[in-house]
Structures are given as structure tokens and as C-alpha cells.
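Structure, as C-alpha cells:
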Amino acid sequence: MDRLGLLGDPAVRSAVSTDLGRTIEWHAEIRSTQERARELAAQGAGPAIVVADHQASGRGRQGRAWVAPAGSSLLASWVLRPLPADPALFALLSGVAIARALADLGVADARLKWPNDVQLSGRKVSGSLADAAGDALVLGIGINVHQRDLGELAPIATSLALEGADIDRLALLARVDRELARIAAAPEERRAALAEWRARASMLGREVEVRGAGGTPVRGVARELADDGALVLRTASGDQRILAGEVSLLR
Ligand code: BTN
């Protein structure tokens, strides 16, 4: 049984909020937790998480939609205050938080695809989205949990259920939150998480194509992840630092 819906009960929500040290807002249905968390950030909210069972208009990276049937996924946005010292890097390291949370729940082999994807068996199981909102960072995370059929996304996406893991979304939320808090806590934690990102990277050393927003695709070998989170690509004309874009494997 999945316990995430228990957050609809004010007593449970209050107990979990106290446990996590963040206000929790629960929605059975909302347009987007990311939009709502941005509103809360603009109102000056303290540490908060907006959680939904279903989003009518979920947002993905680069203007895409994020679609998930009601009850299928962990859909949550964190208002992180104070703003982490290195927001872009923190957003990238959210993949490490998710991978660690999954490992804690028995799913050990998550790999990370630059910048923010978590993969199982070479397919995307989770993505995250980071928006600066004044002096807060709004970090949205979507994890495919219970889907049994991903339709046309099946060649590139998966869910925990499809990987054979029956995971409770409330347990997953608590663990992701704990790992995000750990990574936010201290520079040495971020250094350790960066090392773990590199160890879990699915594309380092491979030949890739990177498409930036509206730019010409760049091809090269994904050489390394720089300390600031940039992807260093060895191209025919030398090393290039990529700050944003979509990466696909060439071979
Ligand atoms: C991606 O494209 O990989 C990022 C997906 C981020 C989806 C999550 S689901 C919870 C939060 N609310 C949104 O509207 N988007 C993020």
C-alpha cells in the first residue's frame, strides 16, 4: 500500500512536516507543484515542500510537459531557503539525492545523466527542474514510481515498478528530503556528492551530442563534470564547457 495520500490528513501532514523540518502542502490535484512552490517562494515562505498526487499541467525541462497519471509518481517541489550557495550545482546534485534515496530503499544501481536525469536500466526514471525564485531555489522532482505502462515513452523511460521495485512514495519523499538536506548542509557534503555523481555518471568517456536551447548541436567526448557542474566536452576544436542542454549518446 502506498501511503503518500495520508498527507491529505492534517495530523499526518503536521507530524511529517515536523519530522522533516519543512512545511508540507498536499494537493490531490494541482496544475503544477513547481508553479505553486514559486508562489510560496514569492510570498517569502520558509522551507517548504509542495506535494501532489496529480498535476494537470506538470512542467519538464526546456519547456516540455511532465505527464504522470494520478497516483503514479512522486511529484514534489522544494522551496529551499536559504538559497544554496551554488544553485546550479545543487540542482545537478539532486540526482545524487534521488539515487541515494533509491539505494536506501533497495534500488542500488541508479545512474545519472547530465544534467538532472536519474536512469535505471538506461532509461529515465526521474527528472528535476530548478528555478531561481528571488532568494530561494525551487527544486521540482518527478519520480516514476507505480506506472506499469509508459506508452510511447517506453523506449526511453521507466518506473520503479517496471524495474521490479514496489516503493512507497511517502518513504521515498522522506529519504529524498533527507539527502537534499544533507547535500545542502556543508561544502564537504557537496564535494562528496559531486564525487558520487561522477561515479554514477552514465555518459562520461562516451561520444555524445549536446543540443543547447536553440543552438547548433555539438559533438564530442563527454570528458568530465567540472566542479561547478559544467559538462566538459572534448570536441574536434578543443574542450568546450557546456552549461545547459540535452545530451544524447552517439555510440
Ligand atoms: C525533466 O524534464 O526532466 C524535469 C521534470 C520535473 C518534473 C517535476 S514533477 C514535480 C515538479 N512540478 C512540475 O511541474 N515539474 C516538476
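Just a few scattered comments:
- Some residue of segment 67-75 being among the hydroxyl-bearing types (S, T, Y), farther than 26 Å from S248 by Cα and more than 9 Å from the ligand (Cβ to nearest atom): yes
- Reported count of residues in segment 35-56, each being among the hydrophobic types (A, V, I, L, M, F, W, C) and either near the ligand (Cβ under 7 Å from one of its atoms) or open to solvent by less than 10 Å² (accessible area, probe 1.4 Å) (or both), is 7.
- Single unsatisfied condition, S32 versus (1) open to solvent by 70 Å² or more (accessible area, probe 1.4 Å); (2) in contact with a Gly (Cβ under 9 Å, 6 or more places away or on another chain); (3) of a type in the set (S, T, Y): (1)
- Complete set of residues in segment 68-97 that are surrounded by 15 or more Cβ atoms within 10 Å (Cβ to Cβ), among the aliphatic types (A, V, I, L, M) and more than 12 Å from the chain's Cα centre (by Cα): A68, V79, L80, L83, A88, L89
- Test result for R59, surrounded by fewer than 18 Cβ atoms within 10 Å (Cβ to Cβ) and near the ligand (Cβ under 7 Å from one of its atoms): no
- Any hit, segment 135-151, residues being touching a residue at least 40 places away in the same chain (Cβ under 8 Å) and basic (K, R): no
- All strands (runs of 3 or more DSSP E) inside segment 93-192 with 3 or more residues being within 22 Å of R38 (Cα to Cα) and aliphatic (A, V, I, L, M): 123-133, 136-144
- For R38: the one exception among (1) in contact (Cβ under 8 Å) with a residue 12 or more places away in the chain; (2) not in a helix (DSSP H, G or I): (2)
- With respect to the conditions (1) within 30 Å of G44 (Cα to Cα); (2) out of contact with any Gly (no Cβ under 7 Å at 6 or more places or on another chain), D117 lacks only one, and its number is (2).
- Number of residues in segment 123-182 that are within 14 Å of the ligand (Cβ to nearest atom), more than 15 Å from the chain's Cα centre (by Cα) and open to solvent by 60 Å² or more (accessible area, probe 1.4 Å) equals 2.
- Pair list, Cβ < 7 Å and 6+ apart or interchain, from segment 64-84 residues that are farther than 21 Å from E39 by Cα and modelled with pLDDT of 95 or more to residues that are in a strand (DSSP E or B) and among the basic types (K, R): none
- Hits in segment 231-251 (condition: crowded, with 17+ Cβ neighbours inside 10 Å and either in contact with a Pro (Cβ under 7 Å, 6 or more places away or on another chain) or modelled with pLDDT of 95 or more (or both)): L231, L233
- When segment 193-225 is filtered for residues that are surrounded by 15 or more Cβ atoms within 10 Å (Cβ to Cβ), part of a loop (DSSP other than H, G, I, E, B) and aliphatic (A, V, I, L, M), the ones remaining, listed by number, are M203, L204.
The values are calculated or read from the model by the stated rules, or taken from the named source; none is laboratory data. As the structure is a prediction and not an experimental result, all values here were calculated from the model. All Cβ positions, glycine included, derive from the backbone under ideal geometry; neighbour counts span all protein chains shown. Quick note on the areas: whole protein, heavy atoms, side chains included, nothing else; ligands and nucleic acids left out. Shrake-Rupley method; radii C 1.70, N 1.55, O 1.52, S 1.80 Å.
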